[in-house]
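Single-structure report; data block below.
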Amino acid sequence: MSRYELKPRPGNGVIKAVIGWDRPLQTFFAQVFTPTEEDPEEGEATIWLGTEPGELPSPEAAIRVVEAYADIPETLAADLGADRDATIGVKDGAHQAEAKQRLFGSLH
């Protein structure tokens, strides 16, 4: 799994945006965090996509989710693609396979 914290754009109430690759779910993910009264520094993810297998199939799909809220480094799509490519052929461990079976009804 990879995870990149992005610098939020000013004036939109966002604390941070996060994007990355989740190998077990075979999807990219994107999160946008806004402050809460309980935790104004860390906040909560008010946008969170990439929690289902294959939901965000490309780096560009994940970037589209966060680009209105955060600055996107020029190399981000390539870095995310490299993260995915580095996990090609990696198999789930027994616990991951069991969890997928329970959660999704298949091993994907």
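Just so you know, all these numbers are worked out from the coordinates, no wet-lab data involved. These figures come from a predicted structure and were not determined experimentally. Every residue, glycine among them, receives a Cβ derived from its backbone with ideal geometry; neighbour counts consider all protein chains shown.
Global size of the chain: 15.0, 45 Å for Rg and Dmax (C-alpha atoms, Rg to one decimal, Dmax whole).
With the simple model of a label 7 Å out from the Cα in the direction of the Cβ, residue 95 to residue 46 spans 3.5 nm.
When each of the peptides 62-74, 6-18, 40-52 is scored by how many other beta carbons lie within 10 Å of its residues on average, the order from highest to lowest is 62-74, 6-18, 40-52. Against the chain, whose longest principal axis comes from its Cα atoms, helix 94-104 is set at around 70 degrees. With the charge dipole of the chain set up from +1 on Lys and Arg Cβ and -1 on Asp and Glu Cβ about the Cα centre, the Cα lying farthest toward the positive end among the listed residues 88, 59, 75 is that of 88.
Each peptide among 25-36, 79-90 gets the average number of other Cβ atoms lying within 10 Å of its residues, and from highest to lowest they stand as 25-36, 79-90.
Over the chain, Cα pairs under 8 Å with separation of 6+ residues give a relative contact order of 24 percent.
Under a 5 Å amide H cut-off, with hydrogens placed 1.01 Å from N, residue 9 pairs with 70, 71 among residues at least 5 apart or on other chains. Seen against the Cα atoms of the chain and their longest principal axis, helix 76-85 is set at about 20 degrees. Within region 1-61, the percentage of alpha carbon pairs spaced more than 17 angstrom apart rounds to 41%.
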